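Peer 1: One structure is given below, represented as structure tokens, and several questions about it will come after.
A short reminder: the numbers here are calculations on the coordinates, not readings from a lab. What you are looking at is a predicted structure, and each value in this text was computed from that prediction instead of being measured.
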Amino acid sequence: MDTYGIIGWPVSHSLSPAMHNAAFKALGIKAVYGLLPLHPSKLKEGIEGIRVLNIKGVSVTVPHKENVMAFLDEVDNIAREIGAVNTIINQEGKLFGVNTDWIGAKKAIEQKINLSGKKAVVIGAGGAARAVVYALVKGGAQVLIFNRTYEKAQKLASELGGEPFPLSQIKNATGDVLVQTTSVGLNEDQSPVPKEILSRFKVVMDIVYKPLETRLLREAKEAGCEVIDGLEMLVYQGVEQFFLWKNIRPSAELMRKAALEELSGEKNGR
Ligand code: ATR
């Protein structure tokens with residue numbers, strides 16, 4: 001029975017155990033995936049713990065995605081470029097760091113639109129935006145990055161590609177795809193995008209999944225856009241993570257169902 005888990009602080013609300021355990025069960029793999037709450041001040045010891053306890057694979061979430069790199073044996077080039085590791089693979093005690101967030105973003109968007117030659121607008125320039133911008137650039141899209149703090153958009157654009165703008169100019173934005181990567185809308189009825197501009201876009205994606213239908217997605221639907229909710233990127237990064245550990249891709253639909261059940265359980269106080 002192999003052990004897997006997620007390190008983060010806090011991690012109690014993570015949907016990853018539900019998704020990965022559902023996949024293990026469906027594929028008849030005897031393994032268990034659990035929560036591994038790890039305080040930032042204990043990151044080094046926690047990573048050593050992965051080796052000592054022979055935990056075969058680990059998901060990495062906030063606030064460890066950047067700092068964890070220093071304690072791994074190897075970090076792949078893409079993860080280094082994005083500046084974040086969300087997946088650790090334990091190969092006989094050697095720990096490899098990889099990023100599947102960008103693949104998750106790319107697959108989620110490509111369910112709805114082929115990115116090649118398209119114009120994509122990204123809201124935000126934080127950690128999540130980096131994976132999204134990388135995915136869009138890799139997919140062949142022209143990328144415009146709008147952020148409240150213009151300097152952060154500039155830095156992201158110079159490192160990964162795209163053109164920076166202050167968020168105050170969002171009312172002039174046009175494009176095929178719009179991706180919202182900030183925490184605006186998380187547990188609140190707010191949107192960083194004026195609804196008047198939404199009808200200019202074919203596809204609108206939000207990475208916030210609490211609530212599943214954010215104000216942005218509700219207004220995008222009303223404007224006639226196709227929408228991609230925040231669970232999609234999460235599910236597809238999980239599919240890729242599982243693939244790196246077990247060399248098989250579980251059904252995205254199955255993982256999404258498990259995540260949805262966990263979310264609704266949370267809502268009902270479980
Ligand atoms: P994450 O890793 O989740 O992306 P982060 O790195 O802290 O988190 O980035 C948060 C992003 O959300 C940033 O782009 C931030 O804008 P600033 O760079 O100006 O701080 C954006 N953000 C957070 N709250 C916001 C708000 N109320 N309005 C607009 N942007 C906001």
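Peer 1: Below 8 Å between Cα atoms, with a sequence gap of 6+, how large is the relative contact order for the chain in percent? Don't jump to the answer; show the numbers that get you there.
Peer 2: Numbers: 560 pairs, mean separation 44.7, N = 270.
The normalised contact order for the chain reaches 17 percent.
Peer 1: Pull up the cross-link candidates among the lysines for residue 65, meaning alpha carbon to alpha carbon under 23 Å and not fewer than 8 places away within one chain.
Peer 2: Partners within reach: 42, 44, 56, 94, 106, 107, 138, 152, 155, 210, 246.
Peer 1: How far is the Cα center of region 118-141 from the Cα center of region 71-100, in Å?
Peer 2: 21 Å
Peer 1: For every helix of n ≥ 4 consecutive DSSP H residues, a contribution of -39,500 (n - 2.57) applies; sum these over the chain, divide by its total residues, and give [θ] at 222 nm rounded to the nearest 500 deg cm²/dmol.
Peer 2: Result for the chain: -11500 deg cm²/dmol, rounded to the nearest 500.
Peer 1: Calculate the length of the line joining the C-alpha centroid of region 185-199 to that of region 228-246, in whole Å.
Peer 2: 25 Å
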